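Please read the structure below before turning to the comments.
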Amino acid sequence: MRVINGLVMPSRSSSPASSQGSIQGLPLELIREIFLFSTALKLERWTGDSPLPPRFSTTALALSHVCAHWHSIALSFPELWASMAVRCPTENIVKLVRLYLERSGETTLLDLALVDKRYRAGPSGEWPTSSTEWEWERCSLSILDLWIPQAHRWVGLDLTLNMSRPSTIPQLLEIPPHSLSNLEKVSMEFTHWDVRDIQRVWDIVHSSDRLQEVHWHPVLLTPPSLTTFHHVTNLFIWEINLEELATLPSLTRLVKFEVIHIEESPMNEVIHLPALEYLCIRGLCVDSRWLFDRISTPRLRHFELKLRHELVDLSAFHQFLIRTSCTLERLRLCTYPSVSSEENFLQFLQLAAPSLVNLISLTFEFRGITETTMNAFLPQSNNGQLFLPGLEELSLLGCHMEDGLVGSTIAARTNAGKPLTALKIRFTNEECHTHLLDRTILGRLMDNGTLKHVYIS
């Protein structure tokens with residue numbers, strides 16, 4: 001065994017016993033595809049209810065140290081080193097970034113992600129020390145120094161940088177205009193940076209005429225004109241009105257659209273989004289009928305709605321589903337803490353059930369999910385019919401109920417011939433570890449293979 005940059009690696013052997021195995025006889029192209037599949041890990045944004053992502057994925061490095069044969073393949077395959085996802089970097093990670101850049105040669109850099117966001121990293125939930133934060137900031141700037149000269153190779157760029165004090169972005173301002181000839185995906189989120197610098201950086205980034213995916217996070221900046229986005233199919237933007245959305249040249253090709261707030265506009269025309277499959281609205285107000293009356297999304301498959309008010313009238317969304325005849329497969333409903341929201345959501349689902357026959361994934365996220373919700377998923381006592389019979393994945397984030405109710409409900413659906421394959425439960429109290437009966441029942445369902453994934457917190 002050898003230690004490389006703090007990582008324990010198996011020693012390379014020119015003739016390992018495993019070299020006689022079948023994997024060594026695979027065609028080179030197939031081994032490369034396996035390598036790429038193994039390293040296709042993107043730094044997902046942390047939501048607080050899942051484990052923290054790794055600080056740096058070293059899968060490519062590990063593969064290159066299995067044996068001399070794999071080492072040779074890895075070094076001759078620059079695409080293997082062309083994606084880097086970094087979180088809260090250290091000096092050792094800066095060295096790894098430099099190594100990956102060297103081994104990537106001149107191939108395009110598919111995914112570059114750099115996040116120095118402050119997570120509660122300690123075992124007891126404490127915030128990192130000031131010295132640790134300074135190291136993250138210093139190392140983040142060092143990584144930018146390495147990436148900027150390679151701007152012409154960027155395909156995907158995701159930056160989340162939070163300085164502890166107001167700062168400038170000299171590295172990003174050095175990107176030559178119109179040099180981002182390969183850039184297709186960009187997401188940037190800055191805190192405590194000079195607003196004028198951020199605006200200049202976005203102007204440089206938006207000069208790429210190949211952008212397909214844009215995440216516009218800044219609230220205080222002037223959003224880019226959508227008329228410049230000729231190829232965008234995935235769009236996240238903080239605030240917009242329907243008139244502005246209608247100016248998007250690639251409107252008919254828009255596949256994914258995420259927005260914090262949609263302003264009501266005087267236009268009465270219906271906006272047709274024939275290719276839209278994913279729609280997320282994070283800040284819908286009480287009166288939502290005007291929105292659902294003015295958009296048409298016949299191919300919508302995935303819808304997420306985060307309400308800013310518990311009394312939002314969901315009947316407008318119900319009529320929208322009927323009018324567009326879309327085949328919704330995934331639905332996520334979130335709101336602020338309120339017990340009455342549970343009644344609101346359940347009433348909507350019961351009314352819209354005929355339009356949700358193809359729903360396979362459902363998420364409720366609010367405080368106060370009680371036995372009322374769980375009882376809705378039980379087989380009906382009079383005829384044994386199930387609510388949302390095609391459901392495979394259920395997430396209830398904010399539960400407050402007795403131990404055993406979750407497990408018995410999932411078991412009842414399994415016995416009725418409609419088992420779930422994935423379940424995610426988050427309790428609002430501190431007693432999630434005492435739900436021993438739930439854990440026992442769900443463990444049995446996993447043992448017999450009906451329930452594949454369970455997450456309880």
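For this structure, a couple of remarks:
- A cut-off under 11 angstrom between Cβ atoms defines the neighbours of Pro298, and their net charge, with Lys, Arg +1 and Asp, Glu -1, is +2.
- Mean separation of Cα contacts under 8 Å (6+ apart) over length of region 360-457, as relative contact order %: 29
- Asn375 versus Glu91: modelled label distance in nm, points set 7 Å from Cα along the beta carbon direction: 6.3
- In order along region 438-448, phi translates into HN-Hα couplings of 4, 5, 5, 5, 5, x, 5, 5, 6, 5, 8 Hz, rounded to whole numbers, per the Karplus curve 6.51 cos²θ - 1.76 cosθ + 1.60 with θ = phi - 60° and x for Gly and Pro.
- Taking the fewest neighbouring Cβ atoms within 10 Å as the starting point, the ordered list for Phe366, Phe387 is Phe387, Phe366.
- Look at Tyr100, Tyr455 and count the other Cβ atoms within 10 Å of each Cβ; fewest to most, that gives Tyr455, Tyr100.
- Each residue in Trp136, Trp290, Trp70 was given a count of other beta-carbon atoms within 10 angstrom of its own, and listing them fewest first yields Trp290, Trp70, Trp136.
- Kirkwood-based shape ratio for region 360-457, expressed as Rg/Rh from alpha carbons: 0.93
- Förster-model FRET efficiency, 35 Å R0, Glu392 and Leu173, C-beta, rounded to 0.05: 0.15
- Inter-label distance, nm, simple model (7 Å from Cα along the C-beta direction), Asp293/Val357: 2.9
- Set of aspartates and glutamates with alpha-carbon distance to Lys418 below 13 Å, sequence-local pairs under 8 removed: Glu392, Glu393
- Here Tyr455 and Ser38 are evaluated by their C-beta separation; at R0 = 30 Å the FRET efficiency comes out at 0.80.
Each value in this text was obtained by applying a stated rule to the coordinates, not by laboratory testing. Since this is a predicted model, take the numbers as computed values, not measurements. All Cβ positions, even for glycine, are placed from backbone atoms using ideal geometry, and neighbour counts span all protein chains on display.
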